[in-house]
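The values are calculated or read from the model by the stated rules, or taken from the named source; none is laboratory data. Keep in mind the model is a prediction, meaning the values are calculated, not measured. Cβ placement follows ideal geometry from the backbone for every residue including glycine, while neighbour counts extend to all protein chains displayed. These area figures cover heavy atoms from the full protein model, side chains too; ligands, DNA and RNA do not enter into them. Shrake-Rupley method; radii C 1.70, N 1.55, O 1.52, S 1.80 Å.
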Amino acid sequence: MIAAFFNRLRHLRTRRLPADVDDELAFHVERSTQARIAAGVSREEARRLALIEFGGMERAREQCYEARPGWWAGNVLQDVRYALRGFRRNVGFALTVVATLALGIGATTAVFSVVDRILFRPLPYAHDERLVSVGLTAPIIPQEFMLGGSYYNWRDNQKPFEAFTSETGANACDLTERNPARLSCASVEANFLPTLGVSPIRGRNFLPEEDRPNGPKAALISYALWSAHYGLDPAIVGRLIDLDGKQVRVVGVLPGDFEMPALEQADILVPEALEEAAQRKADPGAVMYAFARLMPGITAAQAEAQLEPVFNYSLSLAPPQFRKEVHLRVRSVRDRQVQDVRLAAWVLLGAVLAVLLIACANVASLLMARGAARERELAVRQALGASHGRLARQMLTETLLLSLAGAAAGCLLAEILLRVFIAIAPAGIPFLAHAQLDLRIVAFTVLLALVCGAGFTVLLALKRPRTEALTARTTGQGSHAWLRRCLVTGQIAISLVLLTGAALLVRSFRNIELENNGLQTHGVLAVHIQLPGYRYSTPQKQMDFFLQAEAALRRLPGVEAVGMSDSLPPGGAHGDQIYNNIVVAGKPHQVGGTGGMIAWRWVTPDYFRALGIPIVRGQEFTEPERTGSERYIILSSLLAARLFGSEDPLGHRIQPVPDGPTYSVLGIAANVKNAGLTGNDEPEYYLLRRNNVEEWNFSTLFELKTALPSSRLAPWIRSDVAGIDPTVPVVFETLDERVSKLAEQPRFETALIGFFAACGLMMAVIGLYGVIAFIAAQRTQEIGVRMALGATRIDILSLIAGEGVRLIAVGGAIGLAASLGLAQFLKSLLFNVVPHDPLSFVAVTLLLALVALGAALLPARGAMRVQPVEALRYE
């Protein structure tokens, strides 16, 4: 025997080792065992002697191999080949691990690529953390603003900022060259770009003399406009362009990543050109939006405190009844940009990280189950002489291969998901359109998956295979059974949290869809026409055009009513008036605060009929009244009740604007939503737009009630408008589409949370099924003994399924408690649903319990069919 051992050793020194040396050694051990049994040696003794013989050979083999140059590379390749053979023998396990990692990595990477721009990535300004938005907050304007009468006083007397600048917003403008186009032009102060820390990539910034009322006309164009309209012509700087019928010189091109701090669309920047002296004397002056750069070391809170003196001075100039509703605000530019989506971004990030945790827990559970199932294999290899480090390295190699495959599939899935997110996302989410797969995010997510897998592999490798494993095909549930149970319990808990959030958002979105907007949306086509100001510079020209267009649209076939207005519910801009400014003839004028805001619109008689808004008292406007001298007003039911209480408002005289004209109340209309689908109903009044030049402007919305589809009407409408003026653009939108757009953001948030909740539930159920199936397999002999002793199949079902029920109960209890605590964070995203909605919690708990119980019963049913004789022979 000793001579044979040394001959074998010499043979190993002189030939290349086979890739499947472990399989070869196992074969020789078994052959040697059978030979000794045939010679009359007992099985136990024969196996012991074979292990001693070939275990020494394995140790010698390793020593000889490690003595060769580059032995470590050969070992790694051998580990890889062995791992791949193992995956080929157990394809289901490998595919499950790779798919689970791909889903976790792909979803996390895609969502983080979106929320990274919203929450973490620096803005495209130098030292963006020092940029703040500064101004007053009041009910009349949702964002902080400044007024020309006080802006310059603030700029001259502020101390916490090293630069202070303003813009007056963006408006439509027309490029009237060879290729005309309607653009968006933003008016900014001359020091706007320097304050932001932005420099033109071509040309220069505005000069101070260009930012004066009669200064030279100058413009900075966006990179997108330079590329699309001028073909990146390097001679664009210094060129004169026709903007709103005037010659304007292009002085520079903005960087490709430039964005306005308030995120409004801006194709061209032009100087504000305000007269400073006139603004200082004005009351209140032009509405402006101010931005500033903090001094180094100064925080936004400190800057707000230092601005209190100038704020108090400006406040003292305001009417006393308004002072309590005006406040000072200083906040970062990022906070201003993402305030409406910050919470949704954090919720999405939390949901996808929960999915990643479930995925990692599932992979860890699978690895531990496979490690327990391979304990006999590892014990044999150790008995053959393999070192503990050798076995640990093999397990680590397998885990890294699976993790890398999962990471590659996850990156592909992330790209697909990101494109889907961008395609279905609403337009109002900041930065989403520019989101792209970020390599540093991919690297972080892959590293997290690798660390997770490697960590559990190291945990498994720390325990040496037991000697008892050499004589049994199964080894019990293993020392890590408790950890697998904990992982499954955690998966169930996290899944319940995700499902609860999804259920709350689904109920909220359903309430939004069912909300009554107060108007008929089906069969209504909105036609928006905005006249170019340089061609229609007088109210008379504007009125003439719109009256001709109205007459042409009335002649279209299938059109039942044509209304006109300056704005359209249920969302979007509309006129606003302070409630306490409204004076009712014969009633004392109310003072003390603003009383809130009142919406108002200019409309024509067919407006109510086109939108299906009922007149609940009195009458609607009529065509003869459009040419008369009397002014009429229609109140909403909310406003009528607030102004008159139970008194009949018809015939009363109302003055909506101080020192303005008075109107006679003609009727009371039903309430209509003005603040979007989820906002509270606002009081509103309607003014009759007469054929009077004082009541017209550049923009008008036509509301056409028709039974024809918009696709058939659109060509006729374009033709009729072109017959009046072929250069005027026309924009179409059905009212159904308008309402649907208002629901896009909650629909998007609900869809994403629902997707992640479904993924989490699926993986948690798979994890539960795997654990129960593994437990059932490991207890096969015990099942056989129990059945031989008289246990019924129902007893076996209770034995195995009971394990799953306990895991479901514990995980469900933990998840329910966590859901109750976390649901409060969703409060601002919900509509007509309380965070602790009982129906949602009960429905989700029952759903999870039923699905999880089904996953536990499948392996339990398999255990019921075990035959006692086969189970007793299992070992």
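Counting Lys and Arg as +1 and Asp and Glu as -1, what is the net charge of the other residues whose Cβ lies under 13 Å from the Cβ of Arg747?
Value of the local net charge: -1.
Find the accessible area per residue for region 738-875; the probe is 1.4 Å, ligands and nucleic acids are left out, and the unit is Å².
48 Å²
Report the label-to-label distance for Lys741 and Arg323 in nanometres (one decimal), using points 7 Å from each Cα along the Cα→Cβ vector.
4.3 nm
Give the distance, in whole Å, between the Cα centre of region 78-125 and the Cα centre of region 611-664.
Answer, in whole Å: 64.
Mind checking Rg over Rh on region 187-331, alpha carbons, Kirkwood formula for Rh?
Result: Rg/Rh = 1.04.
Quick one: accessible area per residue over region 623-700, 1.4 Å probe, rounded to a whole number of Å²?
40 Å²
Rounded to the nearest Å, what's the spacing between the alpha carbon centres of region 548-585 and region 789-861? Just the number, please.
Taking the Cα centre of each part, region 548-585 and region 789-861 sit 53 Å apart.
Answer rounded, prolate or oblate for region 595-636, using the Cα gyration tensor with square roots of eigenvalues a ≥ b ≥ c: rounded when a/c is under 1.5, else prolate when a/b is larger than b/c, else oblate.
Judged from the Cα gyration tensor, region 595-636 comes out oblate (a/c at least 1.5, b/c at or above a/b).
Classify region 531-584 as rounded, prolate or oblate from the Cα gyration tensor: take a ≥ b ≥ c as the square roots of its eigenvalues, call it rounded if a/c is under 1.5, otherwise prolate when a/b beats b/c and oblate if not.
It comes out oblate by the Cα gyration axes.
Relative to the present Cα-Cα distance, how much length would full extension add between Lys246 and Thr792 at 0.36 nm per residue of separation?
Full extension of this stretch gives 187.1 nm more.
If we count every other residue with Cβ under 14 angstrom of Phe644's Cβ, Lys/Arg +1 and Asp/Glu -1, where does the sum land?
Net local charge, Phe644 excluded: +2.
Once label points are set 7 Å from the Cα along Cα→Cβ at both Glu275 and Gln824, what is their separation, rounded to one decimal in nm?
Reported label-point gap for Glu275 and Gln824 is 5.7 nm.
For region 236-321, just say rounded, prolate or oblate: build the C-alpha gyration tensor, square-root its eigenvalues into a ≥ b ≥ c, call rounded for a/c under 1.5, and beyond that prolate if a/b exceeds b/c, oblate if not.
oblate
Quick check: pseudo-label points 7 Å beyond the Cα along Cα→Cβ at Ser719 and Ala641, how many nm apart are they?
4.9 nm
Which lysines, on any chain, are close to Lys281 with Cα under 27 Å apart, when same-chain ones fewer than 8 places away are left out?
Lys159, Lys217, Lys324
Go ahead and run the numbers for FRET between Asp283 and Asn581, Cβ-Cβ distance against an R0 of 25 Å, rounding to 0.05.
0.95
Using the Cα centre of region 92-156 as the reference point, and only Cβ charges (+1 on K/R, -1 on D/E), how large is the resulting charge dipole? Debye, rounded to the nearest 20.
About 120 debye.
Take every Cα pair under 8 Å in region 643-722 that's 6+ residues apart, average their separations, divide by the length, and report that relative contact order as a whole percent.
So the answer I get is 13 percent.
Using only Cα atoms, locate the centre of region 314-363 and the centre of region 225-249, then give the distance between them in Å, rounded to an integer.
Answer, in whole Å: 38.
Probe radius 1.4 Å, ligands and nucleic acids ignored: give me the carbon and sulfur share of the accessible area of region 80-199 as a rounded percent.
56 percent
Below 15 angstrom from the Cβ of Phe291, what's the summed charge of the other residues (Lys, Arg +1; Asp, Glu -1)?
It works out to a net charge of -4.
For region 599-756, what is the relative contact order in percent, using Cα pairs closer than 8 Å and at least 6 residues apart in sequence?
Rounded, it is 27 percent for region 599-756.
Can you give the FRET efficiency for Leu95 and Ile424, using 1/(1 + (r/R0)^6), R0 = 35 Å, r = Cβ-Cβ distance, to the nearest 0.05?
Result of the calculation: an efficiency of 0.75.
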